[in-house]
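Enquirer: This is the structure, below, for whatever I ask next.
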Amino acid sequence: NIDAVVFDLDGVITDTAHYHFLAWRQLAEELGIVIDEVFNERLKGVSRMDSLELILQEGNQQHNFSLAQKEEMAAKKNLHYCEFLKELTPDDVLPGILNLIADIKSEGISIGLASVSKNANTVLEALELQKVFDFCADAAKISKSKPDPEIFLTACNGLGALPQRSIGIEDAAAGIEAIKASEMFAVGVGSSLHKADYQVENTDQLCWDKIKEAHKNWISI
Ligand code: BG6
Ligand code: MG
């Protein structure tokens, strides 16, 4: 009774969430804005331009720049980020993820990707995972980033899966909200994802049998 499992990428499959943070912090510093990991929680799952807006608001500078200038800043952040991506290898897949994927696939359940990152393909290639996913939602065709359900609904649709019979896995609060808005079962990886239907502290605790068990209980509620 499970059609598909849809994964977030940054912070779930690999720790690129941290690279995004380092790249944003570098740009913020150049603007005289201080951001820390607590603030960064608000950027997770949020598109590049929306993230920039949140940072500028944090420094009260949101009205100081034209759209062209903002696009230039976002491009600069992306250059910082892409420098980090050069270091990425298959060893950077987070613990437990490959086992989880193998267990899901062994039951003939399809696997999808729902990342709003325009670098998702580059990351998957560096991890040598591009052939593992049955369908990856294209961030370039998504108009609303998480917490909007658009990307999860697009992934389910591409997999021919019913959202109500599918599971989403996320490390971001905005991502959990997007999964819930899609009427999917939400698995949270992290410590403060209160809206998740099932939560683990880190990826090596992601066990397919336990997820299925929690999902079964959720259905029967
Ligand atoms: C999400 C990340 O996956 O992608 C965000 O959680 C990031 O932090 C967003 O801003 C957009 O990524 P990119 O690579 O298109 O700038
Ligand atoms: Mg994430």
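The values are calculated or read from the model by the stated rules, or taken from the named source; none is laboratory data. Only a predicted model underlies this, so the values are computations on that prediction, with no experimental measurement involved. Reconstructed Cβ throughout: ideal geometry from the backbone, glycine too, with neighbour counts over all protein chains shown. We work out accessible area using only protein heavy atoms, side chains counted, and drop any ligands, DNA or RNA first. Shrake-Rupley method; radii C 1.70, N 1.55, O 1.52, S 1.80 Å.
Enquirer: So what J values fall out for region 119-135 if you push phi through Karplus, 6.51 cos²θ - 1.76 cosθ + 1.60 with θ = phi - 60°, rounded to Hz, Gly and Pro as x?
Expert: 9, 4, 4, 4, 5, 4, 4, 4, 8, 6, 10, 4, 8, 6, 8, 6, 7
Enquirer: Given H placed 1.01 Å from N in the peptide plane, which residues other than close sequence neighbours of Val6 have an amide H under 5 Å from its amide H?
Expert: Close amide H contacts, sequence-distant or interchain: Gly112, Ile167, Gly168, Ile169.
Enquirer: May I ask you to evaluate 6.51 cos²θ - 1.76 cosθ + 1.60, the Karplus curve with θ = phi - 60°, for each residue of region 83-92 and list the ³J(HN,Hα) values in order in whole Hz, giving x for glycine and proline?
Expert: 4, 5, 4, 4, 7, 6, 10, x, 5, 8
Enquirer: Where does helix 48-58 land angle-wise versus the long Cα axis of the chain, in degrees 0 to 90, nearest 10?
Expert: Tilt of helix 48-58: around 60 degrees.
Enquirer: While we're on this one: Please work out whether region 47-128 counts as rounded, prolate or oblate from its C-alpha gyration tensor, where a ≥ b ≥ c are the square roots of the eigenvalues and a/c under 1.5 means rounded, while otherwise a/b larger than b/c means prolate and anything else oblate?
Expert: Judged from the Cα gyration tensor, region 47-128 comes out prolate (a/c at least 1.5, a/b above b/c).
Enquirer: Let me ask something else about it. If the cut-off is a Cα-Cα distance under 21 Å, which lysines reach Lys146, setting aside same-chain residues fewer than 8 apart in sequence?
Expert: Lys44, Lys70, Lys77, Lys118, Lys180, Lys195
Enquirer: What does the charge add up to near Ser182, with Lys and Arg as +1, Asp and Glu as -1, over the other residues with Cβ less than 14 Å from its Cβ?
Expert: -3
Enquirer: Follow-up. Mind pulling the angle between the C-alpha long axis of helix 97-106 and the longest principal axis of the chain? Nearest 10 degrees, somewhere in 0 to 90.
Expert: 40 degrees
Enquirer: Can you list residues whose amide H is under 5 Å from Thr14's amide H, if they're 5+ apart or on another chain and H is modeled 1.01 Å from N?
Expert: Those qualifying (amide H under 5 Å, at least 5 residues apart or on another chain) are Leu94.
Enquirer: Accessible area per residue of region 98-221 at 1.4 Å probe, in Å²?
Expert: With all protein chains present, region 98-221 gives 48 Å² per residue.
Enquirer: How long are the semi-axes of the equivalent ellipsoid of the chain, defined as square roots of 5 times the Cα gyration tensor eigenvalues? Whole Å, largest first.
Expert: Three semi-axes, in Å: 30, 18, 16.
Enquirer: Still on this structure: Note down the accessible area of Tyr19, probe 1.4 Å, to the nearest 10 Å².
Expert: Near enough 50 Å² of accessible area.
Enquirer: Taking θ as phi - 60°, what are the ³J(HN,Hα) couplings along region 7-21 by the Karplus curve (6.51, -1.76, 1.60), each to the nearest whole Hz, with x for Gly and Pro?
Expert: 9, 6, 9, 5, x, 10, 7, 8, 8, 5, 4, 5, 5, 4, 4
Enquirer: With each pseudo-label sitting 7 Å past Cα toward Cβ, what's the His194-Glu125 distance in nm, one decimal?
Expert: Result: 4.2 nm between the two label points.
Enquirer: Same structure, new question: Of all accessible surface on region 1-119 at a 1.4 Å probe, what whole percent is carbon and sulfur?
Expert: That share works out to 48 percent.
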